[in-house]
1. Being out of contact with any His (no Cβ under 9 Å at 6 or more places or on another chain) and either within 14 Å of the ligand (Cβ to nearest atom) or among the aromatic types (Phe, Trp, Tyr) (or both) is true for just one of PRO55, PRO36, PRO15. Which residue is that?
2. Kindly evaluate ALA78 against the criterion of being in a loop (DSSP other than H, G, I, E, B) and at pLDDT 95 or above.
3. Here are ASN89, ASN11: which of them is touching a helix residue (DSSP H, G or I) at 6+ places or on another chain (Cβ under 9 Å), modelled with pLDDT of 95 or more and exposed (fewer than 13 other Cβ atoms within 10 Å of the Cβ)?
4. Let me spell it out: the conditions are (1) at pLDDT 95 or above; (2) surrounded by 14 or more Cβ atoms within 10 Å (Cβ to Cβ), and GLU21 meets all of them except one. Which number is the exception?
5. So which of ASP79, ASP4 ends up being among the charged types (D, E, K, R), open to solvent by 90 Å² or more (accessible area, probe 1.4 Å) and more than 13 Å from the chain's Cα centre (by Cα)?
6. Taking segment 44-63 as the region of interest, how many residues are loosely packed, with under 14 Cβ neighbours inside 10 Å, of a type in the set (D, E, K, R) and assigned to a helix (DSSP H, G or I)?
Amino acid sequence: MSDDLFLKIINREIPADIIYENDELLAFRDISPQAPVHILIIPKEHIKTMNDLEPKHTEMIGKLFLAAAEIAAKEGLADDGYRVVMNCNRHGGQAVYHIHLHLLGGRQMGWPPG
Ligand code: 5GP
């Protein structure tokens, strides 16, 4: 068994509310939502942090953002808007070391973030 929590979700070793999947990506609802809609979009490839991205990941990262926009539209967020966030390491608030985009929407977001 892997110790990467999100690989366990990919492999269906732990349950999640999965809303989108293709060969490269998976999207599921966050277990502790910080907004009415809070979805995590992850690559199936294990990449620990944003610092580990390489040029070979360029297309996959683009697909993560395109999936986020597509899911936002399906969730009815496109017109009012939404936020996408990728946390990196301690100061970024990263808790799970498998890169993921947070898609947050359904309420007004503040700036700057806390
Ligand atoms: P990070 O802080 O690493 O950017 O975000 C990790 C996110 O994963 C958090 O928002 C947290 O609520 C979510 N999370 C942690 N464990 C689980 C889980 O077992 N299932 C789901 N669906 N989300 C999780």
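1. Details: PRO55 fails: either within 14 Å of the ligand (Cβ to nearest atom) or among the aromatic types (Phe, Trp, Tyr) (or both); PRO36 fails: either within 14 Å of the ligand (Cβ to nearest atom) or among the aromatic types (Phe, Trp, Tyr) (or both).
Answer to the check: PRO15.
2. Details: in a loop (DSSP other than H, G, I, E, B): yes; at pLDDT 95 or above: yes.
Criteria met by ALA78.
3. Working: ASN11 fails: touching a helix residue (DSSP H, G or I) at 6+ places or on another chain (Cβ under 9 Å).
One residue alone meets the criteria, ASN89.
4. That leaves (2) as the condition not met.
5. Numbers: ASP4 fails: open to solvent by 90 Å² or more (accessible area, probe 1.4 Å).
On inspection, the qualifying residue turns out to be ASP79.
6. 3
The values are calculated or read from the model by the stated rules, or taken from the named source; none is laboratory data. For clarity, every value in this text was computed on a predicted model and none was experimentally measured. Positions of Cβ are generated from backbone atoms using ideal geometry, with glycine treated the same way; all protein chains shown enter the neighbour counts. Please note that ligands, DNA and RNA were not included when accessible areas were found on the heavy atoms of the full protein model with its side chains. Shrake-Rupley method; radii C 1.70, N 1.55, O 1.52, S 1.80 Å.
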